[in-house]
Amino acid sequence: MKTILVTGGAGYIGSHTCVELLNENYNVIVVDNLCNSCEESLKRVERITGKNIKFYKIDCCKKRLLEKVFVENKIDAIIHFAGLKAVGESVKMPLEYYQNNLISTLNIIDLMRKHDVKSLVFSSSATVYGDPKSVPIYEDFDLKVTNPYGRTKLMLEDVLRDFANVNKDFNIALLRYFNPIGAHPSGLIGEDPNGIPNNLMPYITQVAIGKREFLGIFGNDYNTPDGTGVRDYVHVCDLARGHVLALKKLFTNSGLVTYNLGTGKGSSVLDVLKGMEKACGFEIKYKILERRPGDIAQCYASCDKAYKELGFKAQYSLEDMCRDSWNWQKNNPNGYKTKNKILVK
Ligand code: NAD
Ligand code: UFG
């Protein structure tokens, strides 16, 4: 049985990936400092799968503490989710973003080298494409970032490419996620943002549950079919499965590989809003506001490469994503802090 170290495993994408890994009979070790998550998510992963996770509450920037995990365990591969991810916050606190995202990843790479761990999946982002020259976006498009968060991802991609160039026995997957939404169908785990959500789906579900008055739609004058921004929303469980497929690829000694993970389809803000209204069965209030600075009109992936080389194809529709996001929100109105009555199917 292979052992996978999942950094940031208590977070949104990490917790869903832990479910997928445990269901595929991998041993899972999680390292997370819980700066944007809580241990309850891991307890729920254990409830969903009936399997155990070994958890270390450690900051990946603290190399001496992190090394303990490598000494105590024989690790076969690492999925490195740990990082700060809010674009707006990164503009206000660039140093914190550079420190956290760069140092944690450099520590991971160095410890991999020292302890002979040869496979790494790295969380990159569609943000590395900036404002693309056309859609769909292919992996070989130019890379251009516009904010410190995006810059950390691009810098780390460069670091990993340089490292892989001279360390041919290391296998590294750079996975560029598009817009993950949805939640595990059990309603036990999902996205649990702190404070006012920055992203569309958690904002809409908080309006639907009555926590916020209305959704502000950031512009309806883009050059898109209905004027609102178009993105490639991908179910977090599809994304999680993509990580397991990427791992399997790495175990064939792939060297460095890069894949978009999305659905290949664009949906507008209004499409998502309508999808959520259908899922909840009532109307959701919204107002058209000014464009949000830094937003682009449209962004969706070509996922041909991930399909050809990994066999990855998203299976959940926008309707499924809305149903599962709503299921999570209504069962956990206060996220993991909700005293919970529930639920497993
Ligand atoms: P998340 O915040 O829910 O999860 C990240 C986890 O990492 C959290 O549990 C946090 O506590 C932990 N963490 C942060 N810094 C750490 C450190 N120094 N040491 C240990 N743990 C640390 O975010 P997510 O949405 O699950 O994103 C996971 C990864 O995917 C991130 O790297 C993010 O940049 C990337 N990504 C996310 C999206 C998205 O829209 N959610 C899109 C593209 C890329
Ligand atoms: N939007 C609104 N109102 C809101 C929030 C968002 O109208 O309250 C709109 C945005 O203008 C955009 C769309 O909804 O058109 C999606 O916005 P998100 O903030 O949910 O997502 P982004 O595409 O802006 O960015 C996200 C992550 C980035 C990541 C990128 C690509 O926040 O970190 O997806 O993966 F880089």
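The values are calculated or read from the model by the stated rules, or taken from the named source; none is laboratory data. The model shown is predicted, which means the values in this text are computed figures rather than measured ones. In this analysis, Cβ positions are derived from the backbone assuming ideal geometry, glycine residues included, and neighbour counts consider all displayed protein chains. When the accessible area is computed, the model is the full protein with side chains, heavy atoms only, and any ligands, DNA or RNA have been set aside. Shrake-Rupley method; radii C 1.70, N 1.55, O 1.52, S 1.80 Å.
Observations, loosely collected:
- Dipole magnitude of the chain, debye to nearest 20 (Cβ charges: Lys/Arg +1, Asp/Glu -1, about Cα centre): 800
- Bridges between two residues of the chain, per DSSP, are antiparallel at a rate of about 5%.
- Using alpha-carbon coordinates, inclination of helix 63-72 to the longest axis of the chain, degrees: 70
- When L289, L120, L154 are compared by accessible surface with a 1.4 Å probe, the order from highest to lowest is L289, L154, L120.
- Between K57 and R161, the C-beta separation translates, for a Förster distance of 35 Å, into a calculated FRET efficiency of about 0.65.
- Rounded tilt (10° steps) of 236-250 against the dominant C-alpha axis of the chain: 30
- Principal axis extents of the Cα atoms in segment 16-119, from largest to smallest and rounded to whole angstrom, are 41, 31, 20.
- Listed by chain and number, the aspartates and glutamates placed with their C-alpha closer than 16 angstrom to that of K54 are E20, D32, E39, E40, E46, E67, E72, D76; residues fewer than eight positions away on the same chain are left out.
- Heavy-atom surface of segment 1-87, accessible at 1.4 Å and reported per residue (Å²): 42
- Exceeding the 28 Å Cα-Cα cut-off - candidates K85/K313; K57/K339; K92/K278; K43/K168: K92/K278; K43/K168
- Share of carbon and sulfur in the accessible heavy-atom surface of segment 45-176 [1.4 Å probe, %]: 52
- P(r) weight above 15 Å for segment 255-345, C-alpha pairs, percent: 73
- Taking label points 7 Å from Cα along the Cα-to-Cβ direction, R292 and E72 give a separation of 3.9 nm.
- Residue-count net charge about D221 - beta-carbon cut-off 15 Å; Lys, Arg +1, Asp, Glu -1: 0
- Computed over the chain, the percent of Cα pairs more than 29 Å apart is 36.
- Extension gain, N220 back to E309 (0.36 nm per residue minus Cα-Cα distance, nm): 28.3 nm
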